[in-house]
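Presented below is the structure to which this report refers.
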């Protein structure tokens, strides 16, 4: 057997024996990364650290949120900080408690949570919310939030 062919066979045999990362392992790793990112996000929210929370978004992220109007609304870091700063002014004790986190593919994670606090009229509230986050390259690019925004 000639030397180049033997070398090629040895290289092939060595690389064939190396464990390969499967798509399932890659997906599980991304899901865990996304879940950790979301846990960090809610930590910033509950500390009212709007700068750190806003930094978790891409430079301009897409939002669907009844408080912003209808449809998809682009938001910059500055707009996110302003929005949540105003929320804190209205509801100083606002807090979110995560109920469940549902990974959905490599880029999406769905979070079910309860937002609580004291409204301006001094009444306590507990609002169930669901948010679908799209995460790309370690940043939140979309934040689609759903809740009942009709008052009784």
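The values are calculated or read from the model by the stated rules, or taken from the named source; none is laboratory data. The structure displayed is predicted, hence computed values, not measured ones. So basically every Cβ, Gly included, is an ideal-geometry build from the backbone, and we count neighbours across all protein chains shown.
With respect to (1) part of a strand (DSSP E or B); (2) at pLDDT below 95; (3) over 14 Å from the mean Cα position of the chain (by Cα), the lone exception for residue 28 is condition (1). Screening residue 123 on (1) modelled with pLDDT of 95 or more; (2) under 30 Å from residue 30 (Cβ atoms); (3) exposed (fewer than 13 other Cβ atoms within 10 Å of the Cβ) shows it passes everything except condition (2). Residues that are at pLDDT 95 or above, within 21 Å of the chain's Cα centre (by Cα), closer than 16 Å to residue 109 by Cα and in a loop (DSSP other than H, G, I, E, B) do not occur anywhere in region 59-72.
Restricting attention to region 74-103, and to residues there that are touching a helix residue (DSSP H, G or I) at 6+ places or on another chain (Cβ under 9 Å) and assigned to a strand (DSSP E or B), which single residue is modelled with the lowest pLDDT?
Of all residues in region 74-103, those touching a helix residue (DSSP H, G or I) at 6+ places or on another chain (Cβ under 9 Å) come to 75-85, 87-88, 94-98, 101, 103.
Next, only the ones that are assigned to a strand (DSSP E or B) stay: 75-76, 95-98, 101, 103.
Working: 75: 98, 76: 98, 95: 98, 96: 98, 97: 98, 98: 98, 101: 96, 103: 93.
Per the stated criteria, the residue is 103.
For region 119-142, the tally of residues that are in a loop (DSSP other than H, G, I, E, B), more than 22 Å from residue 99 (Cα to Cα) and touching a strand residue (DSSP E or B) at 6+ places or on another chain (Cβ under 6 Å) stands at 0.
All of 145, 116 fail the test of being touching a residue at least 60 places away in the same chain (Cβ under 8 Å), surrounded by 14 or more Cβ atoms within 10 Å (Cβ to Cβ) and part of a strand (DSSP E or B), apart from 145.
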